[in-house]
1. Kindly report the accessible area of region A:55-263 per residue (heavy atoms of protein chains, probe 1.4 Å, no ligands, DNA or RNA), in Å².
2. Relative to the longest principal axis of the C-alpha atoms of chain A, give the angle of the C-alpha long axis of helix A:680-714, reported between 0 and 90° and rounded to the nearest 10°.
3. How many Cβ atoms of partner chains, on average, are near each residue of A:707-719 if near means within 10 Å of its Cβ?
4. Please give the net charge around A:Pro53, taking every other residue with its beta carbon less than 13 angstrom from that of A:Pro53, where Lys and Arg add +1 and Asp and Glu add -1.
5. Leaving out ligands, DNA and RNA, and with a 1.4 Å probe, what % of the accessible surface on the protein assembly as shown is carbon or sulfur?
6. Compute the accessible area of each residue in region B:95-130 twice, once for its chain alone and once with every protein chain present, using a 1.4 Å probe on heavy atoms, and list those whose area falls by at least 30 Å².
7. Compare the peptides B:121-131, A:711-721 by average per-residue count of other Cβ atoms within 10 angstrom and give them in order, highest first.
8. Taking the DSSP beta bridges in the protein assembly as shown as the whole, what percent of them are antiparallel, to the nearest 5?
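The values are calculated or read from the model by the stated rules, or taken from the named source; none is laboratory data. All values derive from a computational prediction rather than experimental measurement. Heads up, the Cβs are rebuilt from the backbone with ideal geometry, glycines too, and the neighbour counts pull from every protein chain shown. Heavy atoms of the whole protein, side chains included, go into the accessibility calculation; ligands, DNA and RNA do not. Shrake-Rupley method; radii C 1.70, N 1.55, O 1.52, S 1.80 Å.
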Amino acid sequence: MNLFADLAPILRRLWRERAYAATVVLLLGIALAANGGVFAVLYGLLYKPLPFPHEDRLVTVSARFMGIDGGVSLPLLDAIARDAKGLDGIAGFQATHVEVGGATNAQAASIEIARVQPQLFTLLGAHAAAGRLFEAEDAREGAARSIVLGWDAWQQRYGGAADTIGRTIDLDGEACRIVGVLPRGFAFPERGIQAWTPLVIGASDLAESKAGSFGDTYAIARLTVGADRAAVRHDVEAVARALPGLQRAFDEPGRFAMEVGALRDVWIGEHVPALRLMLLAVGLVLLVTAANLCNLAIARATARRHAIAVQQALGAGRSRQVTQAAGEAFVLCTLAAGLALALLPGVLMLLARFELLPVDAPQAIGIDVPTVALLLGLAFSAALAITFASLGSQRGLQSALGQSGRRQTAGRGAQRVRQGLIVGQIALTAALLVGIGLLLRSSQHLLAEDVGFDRDNLVHAGLGSLGGRGVDDATRIARVAALVDAARAMPGVVAAGVGSQVPFGDNVNLSSFQPPGAAIDGSRSPNAYDARVDAGYFAALGMPILRGRAFGDDEARGQSPVAIVDEGFVRRYSPDRDALGRTFLLERPPLADGTAQAPLELTIVGVVATTKRRGLDESDDYATIYRPQAAPLSGALLVRSSASPDTLVAPLRDLFTRIAPDGSPGQIIAMHHRIAATLAERDRLNALLQGLGVIALALAVLGLYAVLAYAVRMREAEFGVRMALGADARRILRGVLAQGLALVGLGLLVGVPLVVVATRLVAARLHGVPAYDAVTLAGVAAVLGTVAMAACWLPARRAARVDPIAALRNE
Amino acid sequence: MITLENVEKSFPLAGGRSWVLRNVNLAIADGEFVSIMGPSGAGKSSLLNVLGLMDHDWQGGYSLDGTAVAPLNAKQRQALQRDKIGFIFQHYHLIDDLKVWENLDLPLQYRDVPAKERAAQVADLLDRFNIVGKKDLFPNQLSGGQQQLVAVARAVITKPRLLLADEPTGALHSTQARIIMDLLHELHRGGMTIVQVTHNEDYAAEAQRIVRLRDGWIEGT
Ligand SMILES: Nc1ncnc2c1ncn2[C@@H]1O[C@H](COP(=O)(O)OP(=O)(O)O)[C@@H](O)[C@H]1O
Ligand SMILES: [Mg+2]
């Protein structure tokens, strides 16, 4: 095989044309790396096998509650383990923070641990690296407390010493015996977990009153061989419906459902839709890049027509051109693929920076065989495209010699192909920009959403823990009261209030109630947000009382049986009668010892606007009931400032430290920052997409410029003739601009179906923006038009400055 | 029609100037048919460019149909050119992307003639030149002779007083060249002033006068 004999001249020529070669390798390499990186993450998340035996049969079992994954309640977990068919084992777990005691106070630290049922390790196929893992006995109520360490914790805290097993460790003040160590790399459910303790489920945990207590415990299970996920889901839901204390949850259709999902869904989270969009965007950029490279190849081949024609006249066969063109393209694309591989870790780092790389997934996300295969496949396709582009433009070479005197006709077919590529690029770019534009507009709309209160000049200060373990509730209540009073007295503070749950806060509390005038048969009690707020709460939030009155200080202190409800409540539960003065029954959970509490009768004294609770994009949420309480023990302090809220953050933190020195406050931050933070993920994705959009636009416009510049050079004689026929410079200029804009216009036209597809793809992520948003469409057309115009301007000016004498002389 | 007085043209060249036209004095009467001859590089095309107001980088005096050219600015010169001059080139220089009739239409467009009038004039000329059947063809679908025919038609559609032809038959076979020469005669008979550059002694002799150029000088003066 004379591969090397063929390769040598190819390499020599590429070396001679280093600039061309470097351009191809660099552009293609970067575009490939971007595709490879995003694909690697998607593959890792969606398809890469998890490092657990029979991972394809591992599932999560959880309740979905208005779209929120609530995991399982302990009674439900127990019932499913007992009654559900199709499961070959189920295990519950809770991730939590605990205080680890050290020899000195300074060594004490808060670490993340997981409480797990012993069979969890069996399900995951884990074996101890030292000592043993849990047995059923460890999780029995009253058993001696045991703990299994993660490999890293073992190494860091105990230097990996063998005698670690059997030693005790102080967790939240209780001594736990270290019984074993998990192998290096074991992570579940998150990478940050340092140790595992048995999840002890006592009789009181299985009380009926706990059936609806979701949010702490999650469960994984293994399906029996051949079991169908949908069938198991059906069965699990049947078990849930039959569970005393949970039937109510199914009352409101569509709000509560059981789900059986693939285990990997635990780590996929919100990443996948965003990553899919990214993959699409980088794919489009790759297409635009490839089109540019084909363009470049055609231009180069056209420029060499003459030389090639001479070669042919000297007897070189067609196969020689094919070998040359293909050889060049494949050498370049192989180099580009190599560059892409080298850049991949960087791309992954970039994705990690934009938090698109899940850090907790147990499967390592990196450069896998499929990613490499994809890169090589894409590089190979690019090489083919470039080969065809350069060969195609060499067709009809026989006439090239004869045409030497007539440049304006030379390579016209090639020029047409290049224009076609430009049209395609513009179309792709337009689709990409429309998609991005819609997402940006959507974010704008979201930020401008009416949140139902005045978000400016407002500080959110989470109450956090108001003291250490030894502090009793009375002290905590006094501390909350002192905090509110001191905050009100701070300079620059206009109003302050406290609530057990506040908009965009950390806490959410739902209670069932019987609406005003409801038949007292208890058949259907809807849920509502149940917020306990002090007398200053609404003033601090800047929420006017729309009807009725606010709570008084005495009412708050005495926790009077009155309520303020929001408009959503009125709309749903008192649509045709004035809600003021009406009463309703608020149901209360059983006490800790299981004794039931009678419902509380509340009289509505005021109506306020509905506020956003968790996100700017929520629309159909629960109604809200506000009850007076002077000092709720959790929630947040809200402080309205006269100047920038940021100036109050440090003084408020000092205040917390002074009043609750042994506590730790929650987040203290300006409310508008906190609201903006709910969009952080959107913003990061938008930023990445915007970058890609700019790149695509730049590439497309560069291609447009190159093609027009080339066209102008080829048509110089024509411009000379036109001038001799009486055309003035301005007319020539306009002609070229029109040629460029025609390409842009055609591109936009061809882009219409692509734009339709793009809008479909982002439609689910849009908020307050129609998919065919006129502003976005016009904006994209304007941006593309303007930038394209700028790109056409230089060649057009060059055309207008053609000296007709010189142009015609050169013929 | 044309009066040239001491027209000189040169290019700066390393260490001096390269002369293209030297002390050219030439008078061409209205309605005259003149041939310019001379070896390659003698300055024939350059002279034609000066006459055709394509070139303004020269010294001397030139008056065209009573208008002194030197004091005109670019715009005025172009207006004068549009008004008075038509060009024919050796390589026809039809615009490949335009059909025959569109090529004819172009000079009228550049003179902002209303569309209706343009259509009428184009139809008229197609008829006169006997190329109605070719009007929807592209230049590369025509023979060289036919292309030059169209080029002549395009040059005269604006009814210029002066037709400048740079080797109009240079790329044609003799039969085709004959047709073009006959056409020039016909135009001349119609009152047009024609200056043609040619290498063919016979065709040159068909004109009323031959001017010979050598190294930028007009011979015999
Ligand atoms: N732009 C230029 N720069 C330098 N020399 C030029 C330029 N244009 C023409 N010439 C020179 O002027 C001379 C006359 O050229 P031209 O008028 O084309 O001759 P002809 O048409 O008689 O063959 C030639 O020697 C040519 O090299
Ligand atoms: Mg010449």
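1. Numbers: 9510 Å² over 209 residues.
Dividing the accessible area of region A:55-263 by its residue count gives 46 Å².
2. Helix A:680-714 and the main axis of chain A meet at about 10 degrees.
3. On the way: counts 0, 0, 0, 0, 0, 0, 0, 0, 3, 0, 3, 6, 0.
So the per-residue partner count for this stretch is 1.
4. Values: positive: A:Arg57, A:Arg222; negative: A:Glu55, A:Asp56, A:Asp88.
With Lys, Arg at +1 and Asp, Glu at -1, the net is -1.
5. Details: 25350 of 45410 Å².
For the protein assembly as shown, the apolar C and S fraction of the accessible surface comes to 56 percent.
6. Buried by 30 Å² or more upon assembly, which counts only protein chains, are B:Ile95, B:Asp96, B:Asp97, B:Tyr110.
7. Details: B:121-131: 16.2, A:711-721: 22.1.
Result, highest mean first: A:711-721, B:121-131.
8. Details: 86 of 122 bridges.
Bridges in the protein assembly as shown that DSSP calls antiparallel: roughly 70 percent.
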